[in-house]
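Trainee: The following block contains the structure, expressed as structure tokens.
The values are calculated or read from the model by the stated rules, or taken from the named source; none is laboratory data. These figures come from a predicted structure and were not determined experimentally. So basically every Cβ, Gly included, is an ideal-geometry build from the backbone, and we count neighbours across all protein chains shown.
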Amino acid sequence: MDLFEYQGKQYFARFGIPVSPGGVADTVDEAVAEADKAGYPVVVKAQVQVGGRGKAGGIKLAASAEEVRVHAGNILGMDIKGHVVKRVWVEHASDISAEYYASFTLDRSAKKYLSMVSARGGVDIEQVAEEEPDAIVRTWIDPVDGLSLEHAREIAVAAKLDAEALDGAADILVKLYRCYVEGDCDLAEINPLILTPDGRVHALDAKVSLDDNAAFRHPEWEEYAATVELDDRERLAREKGLQYIGLDGSVGIIANGAGLAMSTLDVVNQVGGRAANFLDIGGGASADVMAAALEVINSDENVRAILVNIFGGITKGTEVANGIVEALNRVDVKAPIVIRLDGTLAEEGRKIIAPLLSDRLISQPTMLDAARTAVALAQGSK
Amino acid sequence: MAIFVDDTTKVIVQGLTGGQGRFHGLRNRDYGTKVVAGVTPGKGGQDVEGIPVFDSVADAVSATGANASFISVPPKAAPAAILEAAASDIPFVVCITEGIPAHDEARVFNTLLRDHPGTRLLGPNCPGIISPGKCNIGITAGEIAKPGGPVGIVSRSGTLTYQALYELKQKGIGVTTCVGIGGDPVPGTSFIDCLREFQADPATRAVMMIGEIGGSAEEEAAELIAAEMDKPVVAYIAGVTAPAGKKMGHAGAIVSGGKGTAQGKMDALAAAGVTVAQNPTEAGDRMAELVARL
């Protein structure tokens, strides 16, 4: 789960990482009130989870309440790359002497934590990584050891941060590490981490991605989950407890297992079609789950054909077939369905479906055949 | 021959008294796996259909001489269960638990590396391992695998693993061992660990590898194949059409910052001399052709 900037800053603050005084606002009046509290000048920042906010006019400096009124009015409701701005973050504008970069993430290859620190902050770090790889100091941290203040200071020195920033940066690195580990982040990133003319170091931005698997020990994450931006199909799927990702093709996909679902998307693409979604119904394929999956796919107006790709391992083909039959009784499916049922007891399963077969419900023996049929149906009915 | 587990493997099931542990533990025993004990704290002295249950792994090991553990406990309890098995010097631990936080996985992996180098962890969030006809630990349906050889399988995906086993069986091709390493960010056992074992196993004469988007494990496998393997490898990578920035079901399956794409992985494998198939069926066909020439 990715946090908005304001949520990231609030999360940072829990771990003692200094951020600029500020607040979140949904209306122009609230924005002015937050600006009055933070102290002028302030920065008004659009809260969207997409890069390039500044260039799109979503980040503005305001010296007075009048200016906040104008900028917040413009930014709220603004469309930034398809994301409509519903909230702004208003914070006291900082004077900046230097901009740094700091982050913690998992290096899956080394199976250790990776800290990246650079004196070249404030810009796209991937660009820095490409153009000046030596400007980023990479340090691998063993999760068993953790990060000491001493080690953090060595990293700051190695990254060639300004001398007056070293103590503050080391302190923030240790706190950011705690936020990353104890806060169960997949990514904790500060860009820029700034040095002010009076020698203080603090986080001017916050990019935090949380590990959904750790939600059970973070009841406080519920408020973040409530603000996750989903399209209507994804929201319906979430309510039904399905692993669903909306895409923009015309072939609806239902498969069991993440790998098989991904593979089904690929095969549809290989035979000239495009998938409307990724949907993994998991190991079991009960009538309830199948009905829920068909309902979600049904809600997608772009879907012209549905491909159900099930491989029975533990799940028996007969159970899957019964689930499909029952689901079809419950849901009035708009698009034709192509079913590929294989694996354990698949033949018996296909016999159960056989009486229902028609030009609206077609059975195919292999994944490739099923994909070809589904794509032909989707394209024929355009 | 086989890798990691065979007919001498004696398995304890941590969580045997739970719903999943009982279901799969008994299925594994029905398959012929030597399931010698269960472990559930507080339930020592009971039994599950004749399998004795102990309070601790240490008790179970000293009573039965078990040399493998099958962990099927909830995500909250799994890290401690893995470390308990390691502390009892169990050399091979299979954890099927899905949904363990990444930081717990990273901490457990590095603790094993440092304090328990004699323990190999398979998983978490994996379907398990089967050496057909000898030993089945985990959730694979044993009947879809043909015993014998000459093919070894290693896979990051559960259902695609079953698909591979099934396709090979349909073609009359046997499997030495099929290892599901799981789709999480910090797997205890990687492709390269399995490929090395398959290279060393005389009964395995060809390897099928099933990868997916995310991370760089397939690229590392390609390097190892080029440097250390002379046995032929057929690979399939799922997720060519997966959009960047979206987790595709598995916690590890995500393309981020342009890294971990299926195409990049396929290119790396092809450059290492691997036969790269475009879909699971083609992978089965390529393997059948290859086996016919062995």
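Trainee: Take A:Ala110 and decide whether it is in a loop (DSSP other than H, G, I, E, B) and aliphatic (A, V, I, L, M).
Mentor: yes
Trainee: Take the residues in segment B:126-168 that are polar (S, T, N, Q) and touching a residue at least 60 places away in the same chain (Cβ under 8 Å), then tell me which one is nearest to B:Glu197 (Cα to Cα).
Mentor: The selected residue is B:Ser131.
Trainee: Separate question: From the residues in segment B:191-234 that are over 15 Å from the mean Cα position of the chain (by Cα) and in a strand (DSSP E or B), which one is farthest from B:Leu168 (Cα to Cα)?
Mentor: The qualifying residue farthest from B:Leu168 (Cα to Cα) is B:Val233.
Trainee: Got a sec? Which of B:Asn136, B:Asn125 is over 18 Å from B:Pro41 (Cα atoms), of a type outside the set (A, V, I, L, M, F, W, C) and either modelled with pLDDT of 95 or more or in contact with a helix residue (DSSP H, G or I) (Cβ under 7 Å, 6 or more places away or on another chain) (or both)?
Mentor: After applying the criteria, what remains is B:Asn136.
Trainee: Would you confirm, using the coordinates I've provided, whether A:Ile245 is at the interface with chain B (Cβ under 8 Å from one of its Cβ atoms) and either assigned to a strand (DSSP E or B) or free of Cβ contacts under 8 Å to residues at least 60 places away in the same chain (or both)?
Mentor: yes
Trainee: Shifting gears a bit: Report whether or not B:Gly152 is part of a strand (DSSP E or B) and within 14 Å of the chain's Cα centre (by Cα).
Mentor: For B:Gly152, the condition - part of a strand (DSSP E or B) and within 14 Å of the chain's Cα centre (by Cα) - is met.
Trainee: hydroxyl-bearing (Ser, Thr, Tyr) and farther than 22 Å from B:Leu160 by Cα: which single residue out of A:Ser358, A:Ser363 fits that description?
Mentor: Unique residue meeting the criteria: A:Ser358.
Trainee: If you check A:Ala102, A:Ala35, which single one turns out to be buried (at least 22 other Cβ atoms within 10 Å of the Cβ), on the phi < 0 side of the Ramachandran plot, in contact (Cβ under 8 Å) with a residue 40 or more places away in the chain and in the same structural domain as A:Gln127 (by TED's automatic domain parsing)?
Mentor: Going through A:Ala102, A:Ala35 in turn, just one is buried (at least 22 other Cβ atoms within 10 Å of the Cβ), on the phi < 0 side of the Ramachandran plot, in contact (Cβ under 8 Å) with a residue 40 or more places away in the chain and in the same structural domain as A:Gln127 (by TED's automatic domain parsing): A:Ala102.
Trainee: Same structure again: Out of the residues in segment B:109-146 that are crowded, with 23+ Cβ neighbours inside 10 Å and over 16 Å from B:Phe70 (Cα atoms), which is nearest to the other protein chains (Cβ to nearest Cβ)?
Mentor: B:Ile144
Trainee: With respect to the numbered conditions (1) at pLDDT 95 or above; (2) away from chain B (no Cβ under 12 Å); (3) within 30 Å of A:Gln379 (Cβ to Cβ), which one is the sole condition not fulfilled by A:Val268?
Mentor: (2)
Trainee: Which residues, counting only those in segment A:197-220, are closer than 17 Å to A:Ser94 by Cα and buried (at least 17 other Cβ atoms within 10 Å of the Cβ)?
Mentor: A:Val201, A:His202, A:Ala203, A:Leu204, A:Asp205, A:Ala206
Trainee: Could you figure out which of (1) closer than 25 Å to B:Val154 by Cβ; (2) outside any helix (DSSP H, G or I) isn't true of B:Gly42?
Mentor: Only one criterion is unmet by B:Gly42, namely (1).
Trainee: Given the criterion part of a helix (DSSP H, G or I) and in contact with a strand residue (DSSP E or B) (Cβ under 6 Å, 6 or more places away or on another chain), identify the matching residue among A:Ile297, A:Ile352.
Mentor: A:Ile297
Trainee: Restrict the check to segment A:332-344 and report whether at least one residue is outside any helix (DSSP H, G or I), away from every other protein chain (no Cβ under 14 Å) and acidic (Asp, Glu).
Mentor: Yes - at least one qualifying residue is present in segment A:332-344.
Trainee: Determine the pairs where a residue that is at the interface with chain B (Cβ under 10 Å from one of its Cβ atoms) and under 14 Å from A:Asp142 (Cα atoms), located within segment A:105-119, has a partner that is among the polar types (S, T, N, Q) and not in a strand (DSSP E or B) with Cβ atoms under 6 Å apart, the partner being 6 or more residues away or on another chain.
Mentor: Pairs found: A:Ser109/B:Ser216.
Trainee: Tell me, yes or no, whether segment A:171-187 has at least one residue that is assigned to a loop (DSSP other than H, G, I, E, B) and surrounded by fewer than 23 Cβ atoms within 10 Å (Cβ to Cβ).
Mentor: yes
Residue by residue, here is whether (1) within 14 Å of chain A (Cβ to nearest Cβ); (2) farther than 30 Å from B:Ala200 by Cα holds:
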{"position": "B:Ala226", "(1), (2)": "no, no"}
{"position": "B:Asp230", "(1), (2)": "no, no"}
{"position": "B:Val234", "(1), (2)": "no, no"}
{"position": "B:Ile237", "(1), (2)": "yes, no"}
{"position": "B:Lys246", "(1), (2)": "yes, yes"}
{"position": "B:Val255", "(1), (2)": "yes, yes"}
{"position": "B:Ala262", "(1), (2)": "yes, no"}
{"position": "B:Met266", "(1), (2)": "yes, no"}
{"position": "B:Ala271", "(1), (2)": "no, no"}
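Trainee: How about segment B:76-108: which of its residues are surrounded by fewer than 18 Cβ atoms within 10 Å (Cβ to Cβ) and not in a helix (DSSP H, G or I)?
Mentor: Matches in segment B:76-108: B:Lys76, B:Ala77, B:Asp89, B:Pro91, B:Gly99.
Trainee: Looking only at residues that are out of contact with any Lys or Arg (no Cβ under 8 Å at 6 or more places or on another chain) and surrounded by fewer than 24 Cβ atoms within 10 Å (Cβ to Cβ) in segment A:295-312, which one is modelled with the highest pLDDT?
Mentor: Filtering first and then ranking leaves A:Asn302.
Trainee: Moving on to the next point. Quick check on segment A:43-55. Is at least one of its residues surrounded by fewer than 17 Cβ atoms within 10 Å (Cβ to Cβ) and touching a helix residue (DSSP H, G or I) at 6+ places or on another chain (Cβ under 8 Å)?
Mentor: The answer is no; no qualifying residue exists.
Trainee: Further, regarding this structure: Does A:Thr366 meet the test of being within 14 Å of another protein chain (Cβ to nearest Cβ) and either of a type outside the set (A, V, I, L, M) or more than 21 Å from A:Asp232 (Cβ to Cβ) (or both)?
Mentor: Yes; evaluated as a whole, the condition is true for this residue.
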